[in-house]
Each structure stands twice: as structure tokens, then as C-alpha cells.
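Structure first, commentary second.
The values are calculated or read from the model by the stated rules, or taken from the named source; none is laboratory data. Because the structure is a prediction, the values reported are computed rather than measured. We place every Cβ from the backbone using ideal geometry, glycine too, and count neighbours over all the protein chains shown.
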Amino acid sequence: MEKGRLFIVATPIGNLADISQRAMETLTSVDLVAAEDTRHSRKLFSSLGIRSQLVSLHDHNERARSDSLVSRLEAGENIALISDAGTPMISDPGFHLVRAAQEAGIQVTPIPGASAVVSALSVSGLPANRFYFHGFLPEKRLPVKQPWRGW
């Protein structure tokens, strides 16, 4: 039996028209889509007319769910991984699943598309021939640490 493939599919980061034709074809043809938030993804799928089965894969269940998804891939099913917006694994879940799939000899295929980091860099006016990405800024304001008073 031939093993399935894991597709890492980028989704739009704001404008639904930004989804690629290849991403649409992949999401409609796979056996299962592992999504960061199925509620968010159902809205996306509904607006794009995609009817593929969804299963959640987020920070709290990824380690436990990866084994069952790899078993399905080994059985010949094709699975797509998506995040809420942009490319999975870039500050989003997916690392454990991709690593487990690679260790099992599963082919992992990127379906490129929108990237918030590259989009922001392209309009920043900063030199774009080199950059360092160390993650996104936190959503919540971090507490300000008070310097040690003995200085």
C-alpha cells in the first residue's frame, strides 16, 4: 500500500481572494484537513465552497493527535495542515505532526501562499535582502519589569 502525503497549505491572511488555485485544489482533494481552529476553518471553507472533513490540531492536542494522523497517512490517506491564517508552523501548530510524518517516511509537501512576515517586510521600507524573524509580538501587553533599585 502506498503512503499518503501531508500537505502544508497556506491560507489567506485577510483577503479570501489571496488563496491560491493550488491551495483550493489541495484542500478539496485531500481525505482530511487538520486545522488550528475548526470553527475558523469552517467559515473559510463555507465561503470558498470546500466540503473536506476537518479535525482540530492545535497547541493543546497536537502531540496526542499526531500519532493517529500519521497512522492515517501510513494507510494511504492524504492530509492537509492549515492554520487560521498564513502558513502553518510559522508561529502556529504543526511542528510535531510534520516531524512525526517525516520520521515515518511520509512525503511532506508545501503549498505556498500568504505569509504575514514576508508581507509586512515587503512594505516596511526596510532592506529585505536579509532579515531575522524571532516570532510575532505578543497579543497581550507584557508587564514592565522594574530595574533593580540597587543600581
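Some observations on this one:
- With respect to (1) closer than 17 Å to ALA10 by Cα; (2) out of contact with any strand residue (DSSP E or B) (no Cβ under 9 Å at 6 or more places or on another chain), the lone exception for SER71 is condition (1).
- GLU139 vs. criteria more than 22 Å from SER29 (Cα to Cα), modelled with pLDDT of 95 or more, surrounded by fewer than 12 Cβ atoms within 10 Å (Cβ to Cβ) and not basic (Lys, Arg): no
- Picking from residues in region 96-115 that are farther than 18 Å from LEU32 by Cα and within 12 Å of the chain's Cα centre (by Cα), the one that is surrounded by the fewest Cβ atoms within 10 Å (Cβ to Cβ) is PRO112.
- Positions within region 95-119 being touching a residue at least 60 places away in the same chain (Cβ under 8 Å), under 16 Å from SER71 (Cα atoms) and not hydrophobic (A, V, I, L, M, F, W, C), in sequence order: GLY105, GLN107
- Candidates SER52, SER66, filtered to the one that is small (Gly, Ala, Ser), closer than 23 Å to GLY135 by Cβ, more than 12 Å from the chain's Cα centre (by Cα) and surrounded by 15 or more Cβ atoms within 10 Å (Cβ to Cβ): SER66
- Of the criteria (1) within 18 Å of the chain's Cα centre (by Cα); (2) among the small types (Gly, Ala, Ser); (3) farther than 28 Å from ASP18 by Cβ, which one SER119 fails: (3)
- GLN21 vs. criteria of a type outside the set (Asp, Glu), touching a strand residue (DSSP E or B) at 6+ places or on another chain (Cβ under 7 Å) and surrounded by fewer than 16 Cβ atoms within 10 Å (Cβ to Cβ): no
- Set ILE50, ILE90: member being touching a helix residue (DSSP H, G or I) at 6+ places or on another chain (Cβ under 8 Å) and closer than 16 Å to VAL30 by Cα: ILE50
- Note on region 26-49: among residues that are touching a residue at least 24 places away in the same chain (Cβ under 8 Å), over 14 Å from the mean Cα position of the chain (by Cα) and surrounded by fewer than 17 Cβ atoms within 10 Å (Cβ to Cβ), the one that is farthest from ALA101 (Cα to Cα) is SER47.
- Condition check for SER119: in contact with a His (Cβ under 7 Å, 6 or more places away or on another chain), assigned to a helix (DSSP H, G or I) and at negative phi: no
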